[in-house]
């Protein structure tokens, strides 16, 4: 049994993960709202606060699963302060306490897709597609990933898994597939979903994976794009003439017309994770 710290357990992903992992592990949670989960040690506090972090004995933590964050509605200053510097403080505290494994919830927004001006460099987008963000949220998640690289250069035995999570839907939600139309905010996020049960399984596999020193960036989205029209039709509707600069040949193959716009082969290879629930 390992000691697992999960941050952000007042959110629906964090709570579901804590409930699931408490069956096989000693689970600790820190959240600004108290987490009431059977078998879980809950600390009410802010992960960006050194005083609140000191409420947790780092010697009891083998793996940190970091889900807490300011999301896309935050100000630029909040995003950088919490998602970058707050994550640095959290990870540094547990590194200094002897923890060597960290699972960090990044986002498919790290590429910068929340702006209507975003244009992917290639499709499907690879796990380490560069950040082209103009808004702040994607940049903060990208800089969180870069923070893990920085810390890994200081200690070659650290294991960081940054998971670029899709938009996450509750299991009882019926998703509406998108049709071709004008591009909007968070365009790629509106067609890149994964259900909560698959998300919990993905994060669990990451937390329980054998120690592997280094930094991994892994996309985690459903096995299909949430679209009614084909992906090329969606892309051309969004980007007009700009779509001609994007290689869409992947989607021209029979049976691949509605493949996800993010590559997911690497996470299957690294963690054995393939989403089980169909988006459509």
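The values are calculated or read from the model by the stated rules, or taken from the named source; none is laboratory data. Being a predicted model, the structure only gives us computed values, none of them experimental. Methodologically, a virtual Cβ is constructed for each residue, glycine included, from the backbone with ideal geometry; neighbour enumeration extends over all protein chains shown.
Points to keep in mind about this one:
- Output for segment 206-251, where each listed residue is outside any helix (DSSP H, G or I) and out of contact with any helix residue (DSSP H, G or I) (no Cβ under 7 Å at 6 or more places or on another chain): 210, 211, 212, 213, 222, 223, 224, 226, 228, 229, 247
- Any hit, segment 169-176, residues being at pLDDT 95 or above, touching a strand residue (DSSP E or B) at 6+ places or on another chain (Cβ under 7 Å) and crowded, with 18+ Cβ neighbours inside 10 Å: yes
- Positions within segment 177-192 being farther than 18 Å from residue 141 by Cα and under 17 Å from the mean Cα position of the chain (by Cα), in sequence order: 190, 191
- Of all the residues in segment 146-157, those that are in contact (Cβ under 8 Å) with a residue 60 or more places away in the chain and either touching a helix residue (DSSP H, G or I) at 6+ places or on another chain (Cβ under 6 Å) or surrounded by fewer than 22 Cβ atoms within 10 Å (Cβ to Cβ) (or both) number 5.
- Checking the stated criteria, residue 246 turns out to be surrounded by fewer than 19 Cβ atoms within 10 Å (Cβ to Cβ), more than 19 Å from the chain's Cα centre (by Cα) and closer than 17 Å to residue 263 by Cβ.
- None of 263, 212 is touching a strand residue (DSSP E or B) at 6+ places or on another chain (Cβ under 7 Å), under 25 Å from residue 142 (Cβ atoms) and surrounded by fewer than 16 Cβ atoms within 10 Å (Cβ to Cβ) except 212.
- Within segment 165-178, not a single residue is closer than 16 Å to residue 19 by Cα and part of a helix (DSSP H, G or I).
- Enumerated helices (runs of 4 or more DSSP H) restricted to segment 1-115, each holding at least 1 residues that are without any contact (Cβ under 8 Å) to a residue 24 or more places away in the chain and either more than 30 Å from residue 182 (Cα to Cα) or under 20 Å from the mean Cα position of the chain (by Cα) (or both): 12-21, 50-53
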